[in-house]
Structure formats: C-alpha cells, structure tokens
Amino acid sequence: MSKALALVVVLFFVGFFGECYGELRVGFYKGKCGITDVEVVVKKVVETWHFTKREKDIAAALLRMQFHDCFVNGCDASILLDGNNSEKKAGPNSSVRGYKLIDAIKEALEARCKGLVSCADIISLATRDAVVLSGGKWYNVETGRRDGKVSLASNVDLPSPSISVSDSIKVFGKKKISPIDMVYLLGGHTVGNTRCSLIQDRIYNFNNTGVRDPTMSNWLFSELIKKCPRVSSFDNNVPLDMKTPSFVDNSFFGEIQKGNGVLKIDQQLALDGLTKKIVGDIVKDPNFFTNFGEAMVKLGRVEVLIDGQGEVRTSCRVVNKKSFFFGLFN
C-alpha cells in the first residue's frame, strides 16, 4: 500500500471514530466507551480489592507506584513492564506492589472497550480511588496519557530516604513540582512502611557517631528499637506514620513537628528552613485534602505521553505488537 493511500485510510478512521488522541484533561474517556463509565469500572475493582481481598494498605502501594513511575521517564506506566532488565528489577522498586490490581483493572476495561484506556491512566485513577478508601478525599484526575515502550532498570534514579531537603527540592523542581507541592506529596508517607535496614543508621549510628539521630524524639526512639533491634535476622517493616499508619490525613505533619519522622527526609521537612513554614501551614490547613489532591494531579502531569506518542497497551506488562497502522508505513 502506498504511503499516500495509507494516509487516506488513517484520516478516514480519525474522521469516523473522532479524535484518536487528545490532551490531558478531566473526563478524557467520557462517551468513548458507550454507556460504560471508565472511572466507575476502575473504582469498583479497587473497592473489591480493598474490601473483599482485604488489601487495606493498597493506597500506600499505589501512591508509591505512581511516584516511582512518574519520576522515571514520566507517567508512562513503564514501571509495569516485565523484563529481565525492566524498571521492576531496579533496587528502589523492589518494594513496589499493586501490579496484580492494575492487571485486574486493565482486564475489566479491555473486556468493555478494547485498547481504549492506557495503563498510565489506570495507575492515576486507581491511586485516587485507593486514597479515598483510606480516608482521603476525592480529587479529579486528568486522563489522556499514553503508555511508554521503554523500561530499563538503569534509568531508575529515585531520591533516597536520606536525601537533603535542598537536594529534594532540586529533584522535584526538575519535574516542575514546587517545594510546597513536594511537601504535600511527601505527606503521602502518612500511609505505608519502610524497612529497618533503611533507618538502622538513624537509630544506632547516625552519621557514624555511634548514637541515634538527635532530631528523633525519645518516644520514636523507644518504638524503633523494639521494631528494629540492633542485631536481627529479619528486616522488619516500620510504619512511616506511627500514629495513623492506615489513614490518609495531615497528622503526619504534626508528628514530624514532634520529632516522630521515621525517614530522615521526613524529619528534615519539619526542621529545614526551606520547608519548616510549609509544614507548619499544612498542619493548620483546613483544605489539606484539596491541596493534597492538587499536588497529586501535578505529579500526574510529569513528562506524560499524549497526542499519538507511545501507545495504549492491551496488557500493562508488555508492549503491543506492531499495530495495523504501523504496518501501513513499513
């Protein structure tokens, strides 16, 4: 088939079915799946996992997944791709969970509207729904992302739990996320866990001093030495928010003001002059849930693929085989 004829075919399909792609916006899929509301399908699957499968900590898993995805090649669901050297195999992603939930959502959507909803959008929508189920408030999610085709462990370079506040601001700034939104996003640590191995130095040998981190409260220290003995054969889990570990709320910020931040970066947010006032404002913020949701929306805009870039995978774990239109030009 000639390229000219192929172009005519493409234009015909665009004219017949409407726009193939579009900009990131709220309600991108509205009316594109017949009478099916795509976002309701996602919500129902997430609720099933939360209640029936007793995945009560799914919000923490998906918040981490979205952050780890968006900070490597943008929000393109590259973290979902399988492979011997894919992003899943990188050390920082060893703690990422929720892949089977994303598979279940994708399967439900494919059964209704094949090839319509991207895996990247599924991550953002499912994360929002899980946040709501964990005590957070609803926020509108922009959709219209497309899925990336490249996933390499060597591309994974995420900020460490011991990063300084100033360096964290630089890292988030490169993603066009402000210091205020950065602090709200790190407030996602209101749910989820870390491992003893990642905070052992704070408990027993901070900066090679042979003693604990002096910014740590006596209460937190007493709790951590019980959960993380100096010598142990197990790398135990530790809640990042020791007071309300299963709820999305702003109590996390009040705790770090008291010296109860489990990760070094969390504690430093309340102490560093660059973010101390932001933390204080959030503790008193009557619109915390709205502002947290807005920060999540901004995270979801990081380096997205739209307007024909990438693809919409039929399986979130593998890239598509050559499409019909691709073949027309080769």
Scan region 23-50 for residues that are aromatic (Phe, Trp, Tyr) and within 26 Å of residue 303 (Cα to Cα) and jot them down. 28, 29
Of the residues that make up region 80-92, is at least one modelled with pLDDT under 95 and buried (at least 16 other Cβ atoms within 10 Å of the Cβ)? yes
Of the conditions (1) in a helix (DSSP H, G or I); (2) open to solvent by 10 Å² or more (accessible area, probe 1.4 Å); (3) over 20 Å from residue 303 (Cα atoms), the single one that residue 61 does not satisfy is (2)
Being in contact (Cβ under 8 Å) with a residue 12 or more places away in the chain, assigned to a loop (DSSP other than H, G, I, E, B) and of a type outside the set (A, V, I, L, M, F, W, C) is the filter here, so list the residues in region 305-322 that pass it. 307, 308, 309, 310, 313, 314, 317
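The values are calculated or read from the model by the stated rules, or taken from the named source; none is laboratory data. For clarity, every value in this text was computed on a predicted model and none was experimentally measured. A quick note on method: Cβ atoms are made from the backbone with ideal geometry, for glycine too, and the neighbour counts reach across all protein chains shown. Heavy atoms of the whole protein, side chains included, go into the accessibility calculation; ligands, DNA and RNA do not. Shrake-Rupley method; radii C 1.70, N 1.55, O 1.52, S 1.80 Å.
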